[in-house]
Amino acid sequence: MSTPREPGAPGTDPDAPAGSGPAAPPGAPFEETPWRRLDPRTLLVHCGWMAAPLGSLALTALATGGRINTEAWITLAAISASFAVLTTLGLIRWARTEFRITIPRRGEGAGGASPTFDVRSGLLTRRLRSVPLHRIRTVDLTATPVHRVLGVTVLRAGTAGSGDGSSELSLEALAVPEAERLRTELLAYADAEAVANDPVVARINWRWLRYAPLTFWVIGGVFVVAGGAYRALDGIGIEAWKLGFVQRAFTEFGASALWLTIPAALVVILALGSVGAVVLYVENWWSYCLEWTDSRTLRVRRGLLTTRAVTIERARLRGVVLREPLLLRAGGGALVRAVAGGLGNREENRKRSGLLPPAPRAEALRVAGGTLRSPFPGSAAPAALTPHPRVALRRRRVRGLLFVVLPGTAVLAGLGAAFTPVLLHCAWIYALVTTALSLWLARDAYRNLGHGLDGPYLVARSGTFSRDTVALQRDAIAAWTFSTSPFTRRARLVTLTAAVAAGEDGYRIPDLPAADAPGFATTAAPGILEEFLVHPGPAPVPGQRAR
């Protein structure tokens, strides 16, 4: 029986016994890598479909006091037969599914060979799929509740142009530690060559839709739409608050139990916001493709009703920003923006600089590296960034207490003293909750602070509601700004801003030690500050009179 092969597959024998290495002659360009199999718990995953019919049968028996009629027995027999057939097929599929990573030998015999990810599968027709690792764009791990109970997960490796799933390699199911190791191994080889060898950096993957609600629009979008509708009605002379159904709705809302109606209203707002966020995501990023049209031009194409195509010259590309808003970061996602000149004013730049929609953080790091044509600085070792002094944490705690906790508590306490004691209880509850929240956010903001140099890039990270990591070309820095206030001067801190003719025009590094900031700025961009620095002279020789 002949085995279909895809282009680029190494010279292997797909019908070799399980666990054997590639049937290659001596001196072949590929090392003999053993085949690996899926976890045996894969068979239990395929039994999950029986939960619904067996549960229905159990409920029927419970409702009838244990008396099972003929139809129920027929159903049970059909389930048993289906279980036997599907289990047998699953066992055969498990036994005939193998995978490996094939590494070319070092030396003359390797030629132009590149590492490949090989998957051999098939129930009746055997199929060998072999994909060069530099073509792999994403490696996702997905686990349903059944997978999590069994301690396994599904690994999906998406290749260039696999946004529709047609070029995707899937392994179901692997033990979680094995899947993590395989993902690390695949991405380690893929990241090294993908950014240099393939013009297509990323395409849309509709699994990313799960990140759409983790944005501002899930709540803020509802109020923006409501405000727009109110302004439109007001423009044509209709006062929305005087409409009969609006007044009845507010009257019934106030007359009902608020401990039920308020959570219900929040659920409705979240549901509407989530639907709106998904719709907006689809409209903005339909047919999304980020690619190098040639060695000097990066192009972003996207849009459903309104199509957009933004072209960025490599000479104008000054860096990238990895942006992680708080909700998106909690969900393990991020987005990428370009730091580039020629994208218009600040507002237009924010609309046109998007390189990646909300997506998994690993994908964002890969796209940022593909944009820079080198691994994203700090992605391999994010802890390598220089932390900021502890006094920066104290400043954030004090600001939270002064500007969030104190004003709200004072207002509620004053109103409670003047009108009703209920507000006094609201005041201490508000103070307790906001103090804990402010301290937690201050700690998170401090942990996110960091700066450093990574080859030709200046790397700076800050923020909590939106943690931004910017990788900026050092030779693009045109000027430095040192900003202080009476409070930062007392704390011996300074905010350093790198001015560039691109993106947001300036990128801040807040709360650096004042004594270290000039030296760091001089090292990051030589030739700007040297004439303003005062270097200490040589130490006087003992016994020599100073002139």
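The values are calculated or read from the model by the stated rules, or taken from the named source; none is laboratory data. Not measured: the values here are computed from a predicted model. Virtual Cβ from ideal backbone geometry, glycine too; neighbours counted across all protein chains shown. Heavy atoms of the whole protein, side chains included, go into the accessibility calculation; ligands, DNA and RNA do not. Shrake-Rupley method; radii C 1.70, N 1.55, O 1.52, S 1.80 Å.
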Discussion item. Looking for something among the hydroxyl-bearing types (S, T, Y) and modelled with pLDDT under 85 - is there at least one such residue anywhere in the range 409-420?
Written reply: yes
Just one listed residue, out of A417, A413, is surrounded by fewer than 15 Cβ atoms within 10 Å (Cβ to Cβ), over 30 Å from G463 (Cβ atoms) and touching a Leu at 6+ places or on another chain (Cβ under 8 Å), and it is A417
Quick check: is even one residue across the range 289-310 part of a helix (DSSP H, G or I), modelled with pLDDT of 90 or more and not β-branched (V, I, T)? no
Taking the range 364-379 and keeping residues open to solvent by less than 10 Å² (accessible area, probe 1.4 Å) and part of a helix (DSSP H, G or I) leaves A364, V367, A368, G369, G370, T371
Looking across the range 382-396 at residues that are in a helix (DSSP H, G or I) and more than 28 Å from the chain's Cα centre (by Cα), the single one that is surrounded by the fewest Cβ atoms within 10 Å (Cβ to Cβ) is R394
Is it true that L402 is in a helix (DSSP H, G or I), open to solvent by 70 Å² or more (accessible area, probe 1.4 Å) and farther than 18 Å from L449 by Cβ? yes
Exactly one of T434, T469, T484 is open to solvent by 70 Å² or more (accessible area, probe 1.4 Å), polar (S, T, N, Q) and on the phi < 0 side of the Ramachandran plot, and that one is T484
Note on the range 171-226: residues over 17 Å from the mean Cα position of the chain (by Cα), at pLDDT below 75 and among the acidic types (D, E) are E193, D198
Filtering the range 90-112 down to residues that are open to solvent by 40 Å² or more (accessible area, probe 1.4 Å) and at pLDDT below 75 yields R105, R106, G107, E108, G109, G111, G112
Condition set assigned to a loop (DSSP other than H, G, I, E, B) and aliphatic (A, V, I, L, M), scope the range 481-509, selection nearest to I312 (Cα to Cα): answer is A502
In the range 313-349, anything among the charged types (D, E, K, R), within 19 Å of the chain's Cα centre (by Cα) and open to solvent by 20 Å² or more (accessible area, probe 1.4 Å) is listed as R323, R329, R337
Worksheet item: Is it true that T138 is more than 29 Å from S466 (Cα to Cα), modelled with pLDDT under 75 and within 19 Å of the chain's Cα centre (by Cα)?
Response: no
By residue number, the members of the range 437-466 that are over 18 Å from R323 (Cβ atoms) and open to solvent by 40 Å² or more (accessible area, probe 1.4 Å) are L437, L439, W440, R443, L453, D454, G455, P456
Here the residues within the range 208-239 that are in a helix (DSSP H, G or I), among the β-branched types (V, I, T) and either open to solvent by 40 Å² or more (accessible area, probe 1.4 Å) or without any contact (Cβ under 8 Å) to a residue 40 or more places away in the chain (or both) are V224, V225
Note on the range 266-286: residues of a type in the set (F, W, Y) and open to solvent by 80 Å² or more (accessible area, probe 1.4 Å) are W286
